[in-house]
1. Those residues that are crowded, with 17+ Cβ neighbours inside 10 Å and not small (Gly, Ala, Ser), I need them from the range B:37-46; list them, please.
2. What are the residues in the range A:113-156 that are more than 14 Å from residue A:62 (Cα to Cα) and of a type in the set (Gly, Ala, Ser), if any?
3. Among the residues of the range B:128-160, which ones are at positive phi and either within 13 Å of chain A (Cβ to nearest Cβ) or outside any loop (DSSP other than H, G, I, E, B) (or both)?
4. Considering only residues of the range A:161-182 that are in contact (Cβ under 8 Å) with a residue 60 or more places away in the chain and assigned to a helix (DSSP H, G or I), which is farthest from residue A:19 (Cα to Cα)?
5. Take the conditions farther than 20 Å from residue D:132 by Cα and either surrounded by 17 or more Cβ atoms within 10 Å (Cβ to Cβ) or at pLDDT 90 or above (or both) and apply them to residue D:91. Does it pass?
6. Just one of the numbered conditions (1) over 14 Å from the mean Cα position of the chain (by Cα); (2) surrounded by fewer than 21 Cβ atoms within 10 Å (Cβ to Cβ); (3) at pLDDT 95 or above is not true of residue D:126; which one?
7. Can you pull out the residues in the range B:173-208 that are more than 13 Å from chain C (Cβ to nearest Cβ), at pLDDT 90 or above and open to solvent by 30 Å² or more (accessible area, probe 1.4 Å)?
8. What is the one condition in (1) in contact with a Ser or Thr (Cβ under 7 Å, 6 or more places away or on another chain); (2) modelled with pLDDT of 95 or more that residue A:117 does not satisfy?
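The values are calculated or read from the model by the stated rules, or taken from the named source; none is laboratory data. Predicted model, so just to flag it, every value in this text is computed and none were measured. No Cβ is skipped: glycine too gets one built from the backbone with ideal geometry, and neighbour counts run over all protein chains shown. All accessible areas refer to the heavy atoms of the entire protein, side chains included, with ligands and DNA or RNA removed. Shrake-Rupley method; radii C 1.70, N 1.55, O 1.52, S 1.80 Å.
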Protein chains: 4
Amino acid sequence: MPKKNINLHGSAPDKHVFALLLVDVINDFDFPEADQLLKYARPMARKLLRLKRRVQKVGMPVIYVNDNFGRWKSDFRRTVDHCARHGRGRDVVKLLQPGKSDYFVLKPKHSAFFSTTLDTLLRYLETQALILTGIAGNFCVLFTGNDAYMRDFKLFVPRDCTVSNTKRENESALRLMKKFLKADTCLSSRIVLRSMKGAVRSRSHSDA
Amino acid sequence: MPKKNINLHGSAPDKHVFALLLVDVINDFDFPEADQLLKYARPMARKLLRLKRRVQKVGMPVIYVNDNFGRWKSDFRRTVDHCARHGRGRDVVKLLQPGKSDYFVLKPKHSAFFSTTLDTLLRYLETQALILTGIAGNFCVLFTGNDAYMRDFKLFVPRDCTVSNTKRENESALRLMKKFLKADTCLSSRIVLRSMKGAVRSRSHSDA
Amino acid sequence: MPKKNINLHGSAPDKHVFALLLVDVINDFDFPEADQLLKYARPMARKLLRLKRRVQKVGMPVIYVNDNFGRWKSDFRRTVDHCARHGRGRDVVKLLQPGKSDYFVLKPKHSAFFSTTLDTLLRYLETQALILTGIAGNFCVLFTGNDAYMRDFKLFVPRDCTVSNTKRENESALRLMKKFLKADTCLSSRIVLRSMKGAVRSRSHSDA
Amino acid sequence: MPKKNINLHGSAPDKHVFALLLVDVINDFDFPEADQLLKYARPMARKLLRLKRRVQKVGMPVIYVNDNFGRWKSDFRRTVDHCARHGRGRDVVKLLQPGKSDYFVLKPKHSAFFSTTLDTLLRYLETQALILTGIAGNFCVLFTGNDAYMRDFKLFVPRDCTVSNTKRENESALRLMKKFLKADTCLSSRIVLRSMKGAVRSRSHSDA
């Protein structure tokens, strides 16, 4: 029986106007175009790891939103272990595997918001802006982006932290997110984490 | 990157017109009225276990929908272990702990459908009717019941497999579900599992 | 093609921490227990009208959330006209019919939040608390109340502005909302509209 | 007070495995790139009208899903009248204005499914496949497409019945929908309405 107002997170410091979302980076890469994708995913993983470390330093929550490959009966931690050991992209998974302080949300479909607890989690973290990263830029990331935009989150989609099967497809998706979802698609190294709090606060005054 | 049509469940036999839902039975019973509730929860647990075994025999999916007490960073299996060892109602939790073939869905709030993957899971299992059980009858079970009814599931809420703080409150909730949600509130032993398939099929012809 | 951030409401003054919700008061009262219900609905309508006028004076938005009786092809205004002229409860409907400055949201099922635009509308109005009124207290009002509570709205359900088929059922529903949904169920005349803004603001500091 | 199982539609013949969706065709075309878009929207309107007539002949439901431009207090019929008389694209709106037997659903955001009643309506119409048309192909149509796909609707997006600001953007969106959402993007004249029923039925046997 639930208590009045369930505290969805462990501790107050998790609350932050920003959150980093990693979409489908835990992956067995067991599909036809995996090799092609991995060519881009490997350098991305290194950039993303660097971003994740910076983000953690300033106390932003890190949220993995991931398929669990139909394993609705087992734990996600097992899926991580499996992909970090046996998948074709185990080097990528090993770099990016979630730590103890990271959140994870399992998604049954393409958008991270569809039929998941993400919306409620973000509400409790008091998130107003998302740094959206992961695989694939022109599918799960794109549709997660739109679902975030419809819920009025400010979006950052660093162009070096998302990949698609081809460069052309990735750039086309980034253009779409920039144009319609007002996403900032700068390089991850250009995101200035310290100044973000103020940026979002002032935004809400002007156009809410 | 997700595949086309994710197979949410392991194997075809899981598909069934019925599913058994256990709401918040994994519980640390760490709240003021716990002792009072446990007085009713203990006999309920034995009835529910019997029902669960019958249900498994005919191949119906068993789904635990449970609070995870704000622990969005750890696994549900650990929550089960914790509650089965240390909680005031550890005997109840031990009786009802999920097996390897059971599904579980974490819920952040009172209704099992709110901000969870339950709806999508049930769609894939091709569920048309729910046997709704658990704690508390006049809160999480009641509101889950309504959310199920709005999604057109036929409802069974066996009156000996749900409990509230008082008998009076439990009966009032059962009456409400019978009247407005058209729930069948017979005793669990009266539910005839074998004949259910036909019952639901014919229902959909007459009033869909 | 939608513009960036659609302004869901006409004018800034609509923004308010509170909103008044009228559930299913536009009704043809064409069902078996209608006469019994109307016995309670008539005095309720007068109280509710008084509350609505007070609410409008302080600039709170008034939102009708209503079944449209399966008429997904016609306008709600026509439904209002029909019920105000021909229904058994046309006196009730006439008293409470929506004005030009009132919002209305059509709902297909029992909860005002299920499969409707209400959540998005309230987000744009910046609503934090709801005064929940209407028909029936132990069904649509109750389940709307829970959906509001799960979304963290503070609830007022003035006990003289909601009715059920019997007094006993209505009181039982009010008790449930008071206990589990932390609803304030005082008389409508006791709601002090002027002081509300402060009350909600300070709440969010203490237990958000 | 709602009745048991509300009949969302007037009459049984509306039930059909297919439905035609017209997204944002009722439009005041009051935005910077409107003239450019209208160049494509005019020929599209004629094709779409032809498709609509064929669709109506075989008894498929026609559903307008449309922004209402923040006018949550007035009727959609008035918005139609306004756009058909005063907008820059009044010729387009006049061609495509909804008839008495058409459904309409107001949407507050880009996807036709977000915060609307569409999902519930389609469930009652027993729709399994959508013919998705309208404006703009790389925004509202695209994101509606994904939301439909996540709900397991089979998709047809006839390439001559959706437009974007440029041909290139439109084709890129169509490619995306073909690849990831498995959409059939043939010309509207190639859609064989008569054979559709069977096609969908057999699909559900093979890959549900």
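1. B:37, B:38, B:40, B:44
2. Across the range A:113-156, the qualifying residues are A:115, A:136, A:137, A:145, A:148.
3. B:134 - this is the single residue of the range B:128-160 that is at positive phi and either within 13 Å of chain A (Cβ to nearest Cβ) or outside any loop (DSSP other than H, G, I, E, B) (or both).
4. Among those residues, the one meeting the criterion is A:167.
5. So residue D:91 passes the test.
6. (3)
7. B:184, B:186, B:187, B:189, B:190
8. Of (1) in contact with a Ser or Thr (Cβ under 7 Å, 6 or more places away or on another chain); (2) modelled with pLDDT of 95 or more, only one is false for residue A:117: (2).
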